[in-house]
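Engineer: Dropping a structure here in structure tokens format, bear with me for questions.
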Amino acid sequence: MASEKPDVLLVGPPKPLIVKGLSAKFNVHPLANAADGKKLLADIGARTRAIACSVVSENVTRDIMAHFPKLEIVSTFGVGYSHVDVAWATSHNVTITNTPDVLTEEVADTAMGLLLSTVRELPQAERHVRAGKWANADYPLSVATLRDRTVGMVGMGAIGQAIARRLDAFKVPVVYHSRNAVPGLAYRHYPNLIEMARAVDTLMVIVPGGPATRNLINAQVLEALGPKGIVINMARGSVVDEPALIKALQDRVILSAGLDVFVDEPRVPSELIAMDHIVLFPHLGSASVATRDRMDQLVVDNLLAWVAGQPPLTPVPETPWKG
Ligand code: 8YV
């Protein structure tokens, strides 16, 4: 007898919290466990109205969604959702939900960690101790200091503002670039990114990924930032023109970079690995057990609200829930 529970396709690893949370109300079909993924899509496509996605590293493409003529909702993990084809979802009346807010402070903490690590060369100093070099020589004084810097935020959403609050406490001046000024914010707004890059020495990149921001940080911006320049990327690899960044670092057009994200992650260009003066993190902005659990739970809660006939909790602005 056919089960009365609705079906949900799960894209990405079948994390226990998500599978368990959804199983009470749904028949969960993890794509990753299917011996034949295409067959699974063909088998459940006609009747399935919901997709869950458990990571930002798996794409929910139009090719996948097109198997689901009755699709109503895609509930994805991550505040960023450039891995879901938003244009297709919008034109097919499919609501996308993401996991904002629950990760804001965690990602802002990581951003400060990456900024301090990069400016003060903390990972390099730690490597010096572990390599047994301290007995022979002190680790050199860091070339840079946070004390004389101005941070230009590229993006001033919820996470950008949480980072800016931390920088206030560190007594570091903050300005920002975004398409529109954020009402009520006291920081100076630069509508023009190049102009802001000229005025600061540190860029903190925290804008959404996707076509609108692709290669926003390009050779011209790096040139404008100048030889004291440090770029911190907490957004998506796609926002920075990676070959231009590599060249700017190699030619010392800018001083350094701290990168949490990469164009083709988890593959990191060998040119970046070869540069010992920069800092590389493995995309761990939100990566604590507690925060990841809250994100997983929000993936579940959006779908539980929807299946109970209520509006999903956190639809993204491009695809508001219309009922
Ligand atoms: C990731 C993120 O979840 O939420 C996002 O959009 O990029 C992070 O929180 C994470 O680091 C996974 O790769």
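The values are calculated or read from the model by the stated rules, or taken from the named source; none is laboratory data. Everything numeric in this text was worked out from a predicted model, so none of it was measured. Here Cβ is always computed from backbone atoms with ideal geometry, including for glycine, and neighbour counts include all displayed protein chains.
Engineer: For the range 161-170, does any single residue satisfy the condition of being surrounded by fewer than 19 Cβ atoms within 10 Å (Cβ to Cβ), under 25 Å from residue 227 (Cβ atoms) and either in contact (Cβ under 8 Å) with a residue 24 or more places away in the chain or in the same structural domain as residue 108 (by TED's automatic domain parsing) (or both)?
Structural biologist: yes
Engineer: Touching a Phe, Trp or Tyr at 6+ places or on another chain (Cβ under 8 Å) and either free of Cβ contacts under 8 Å to residues at least 40 places away in the same chain or not polar (S, T, N, Q) (or both): which single residue out of 146, 193, 141 fits that description?
Structural biologist: Result of the check over 146, 193, 141: 146.
Engineer: If I go through the range 223-262 residue by residue, how many of them are more than 18 Å from residue 143 (Cβ to Cβ) and away from the ligand (no atom under 16 Å from the Cβ)?
Structural biologist: Counting residues in the range 223-262 that are more than 18 Å from residue 143 (Cβ to Cβ) and away from the ligand (no atom under 16 Å from the Cβ) gives 9.
Engineer: Quickly run through the range 35-61 and pick out the residues that are surrounded by 15 or more Cβ atoms within 10 Å (Cβ to Cβ) and away from the ligand (no atom under 16 Å from the Cβ).
Structural biologist: Across the range 35-61, the qualifying residues are 40, 41, 43, 44, 45, 48, 49, 50, 51.
Residue-wise test of (1) more than 16 Å from the ligand (Cβ to nearest atom); (2) in contact with a His (Cβ under 8 Å, 6 or more places away or on another chain); (3) closer than 30 Å to residue 273 by Cα; (4) among the hydroxyl-bearing types (Ser, Thr, Tyr).
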{"residue": "76", "(1), (2), (3), (4)": "no, yes, no, yes"}
{"residue": "102", "(1), (2), (3), (4)": "no, no, no, no"}
{"residue": "105", "(1), (2), (3), (4)": "no, no, yes, no"}
{"residue": "114", "(1), (2), (3), (4)": "no, no, yes, no"}
{"residue": "120", "(1), (2), (3), (4)": "yes, no, yes, no"}
{"residue": "149", "(1), (2), (3), (4)": "yes, no, yes, no"}
{"residue": "154", "(1), (2), (3), (4)": "no, yes, yes, no"}
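Engineer: Here's something else I'd like to know. Residue pairs, Cβ under 8 Å, 6 or more apart or interchain, first in the range 280-292 and without any contact (Cβ under 8 Å) to a residue 12 or more places away in the chain, second within 6 Å of the ligand (Cβ to nearest atom). List them.
Structural biologist: Partner pairs satisfying both residue conditions: 292/286.
Engineer: Looking at the range 201-217, I want the residues that are assigned to a loop (DSSP other than H, G, I, E, B) and have a partner that is among the hydroxyl-bearing types (Ser, Thr, Tyr) and surrounded by fewer than 24 Cβ atoms within 10 Å (Cβ to Cβ) with Cβ atoms under 6 Å, at least 6 apart or on another chain. Which pairs are those?
Structural biologist: Pairs found: 207/213; 209/82; 209/238; 210/82; 214/238.
Engineer: Which residue, of 22, 40, is without any contact (Cβ under 8 Å) to a residue 60 or more places away in the chain and over 24 Å from residue 266 (Cβ atoms)?
Structural biologist: 40
Engineer: Still on this structure: Among 318, 265, which is the only one that is within 12 Å of the ligand (Cβ to nearest atom) and either in contact with a strand residue (DSSP E or B) (Cβ under 7 Å, 6 or more places away or on another chain) or not in a helix (DSSP H, G or I) (or both)? Don't jump to the end; show me each part of the working.
Structural biologist: Values: 318 fails: within 12 Å of the ligand (Cβ to nearest atom).
Exactly one of 318, 265 is within 12 Å of the ligand (Cβ to nearest atom) and either in contact with a strand residue (DSSP E or B) (Cβ under 7 Å, 6 or more places away or on another chain) or not in a helix (DSSP H, G or I) (or both), namely 265.
Engineer: I'd like to verify a number: residues in the range 179-200 that are assigned to a loop (DSSP other than H, G, I, E, B), out of contact with any Leu (no Cβ under 9 Å at 6 or more places or on another chain) and among the aliphatic types (A, V, I, L, M), how many?
Structural biologist: The number of residues fulfilling the criteria is 4.
Engineer: Which residues, taken from the range 268-293, are within 11 Å of the ligand (Cβ to nearest atom) and at negative phi?
Structural biologist: 281, 282, 284, 285, 286, 287, 288, 291, 292
Engineer: To continue, here is another question. Hey, can you tell me all the residues within the range 234-262 that are part of a helix (DSSP H, G or I), crowded, with 16+ Cβ neighbours inside 10 Å and more than 17 Å from the chain's Cα centre (by Cα)?
Structural biologist: Restricting attention to the range 234-262, the residues satisfying the condition of being part of a helix (DSSP H, G or I) are 237-239, 242-250.
After this cut, where a residue has to be crowded, with 16+ Cβ neighbours inside 10 Å as well, the list is 237-239, 242, 244-246, 248-249.
Residues satisfying the conditions are 244, 245, 246, 248, 249.
Engineer: Does the range 296-309 contain any residue that is outside any helix (DSSP H, G or I) and either more than 29 Å from residue 215 (Cα to Cα) or of a type in the set (Ser, Thr, Tyr) (or both)?
Structural biologist: There is at least one residue in the range 296-309 that is outside any helix (DSSP H, G or I) and either more than 29 Å from residue 215 (Cα to Cα) or of a type in the set (Ser, Thr, Tyr) (or both).
Engineer: What is the residue count in the range 62-83 for residues that are among the hydroxyl-bearing types (Ser, Thr, Tyr) and either out of contact with any helix residue (DSSP H, G or I) (no Cβ under 8 Å at 6 or more places or on another chain) or farther than 20 Å from residue 102 by Cα (or both)?
Structural biologist: Here the count works out to 1.
Engineer: Something else: Report the residue count in the range 293-323 for those that are hydroxyl-bearing (Ser, Thr, Tyr) and free of Cβ contacts under 8 Å to residues at least 12 places away in the same chain.
Structural biologist: Kept after step one, since they are hydroxyl-bearing (Ser, Thr, Tyr), are these residues of the range 293-323: 314, 319.
Imposing the further condition that a residue be free of Cβ contacts under 8 Å to residues at least 12 places away in the same chain reduces the set to none.
Summing the residues that are hydroxyl-bearing (Ser, Thr, Tyr) and free of Cβ contacts under 8 Å to residues at least 12 places away in the same chain in the range 293-323 gives 0.
Engineer: Only residues in the range 55-80 that are touching a residue at least 12 places away in the same chain (Cβ under 8 Å) and on the phi > 0 side of the Ramachandran plot count as the first member; pair them with residues that are in a loop (DSSP other than H, G, I, E, B) and among the aliphatic types (A, V, I, L, M), Cβ under 7 angstrom, at least 6 apart or cross-chain, and list the lot.
Structural biologist: Close Cβ pairs satisfying both conditions: 78/56.
Engineer: Residues of the range 274-315 being in contact with a strand residue (DSSP E or B) (Cβ under 7 Å, 6 or more places away or on another chain) and among the β-branched types (Val, Ile, Thr), which ones?
Structural biologist: Listed by number, the residues that qualify are 278, 279, 299, 314.
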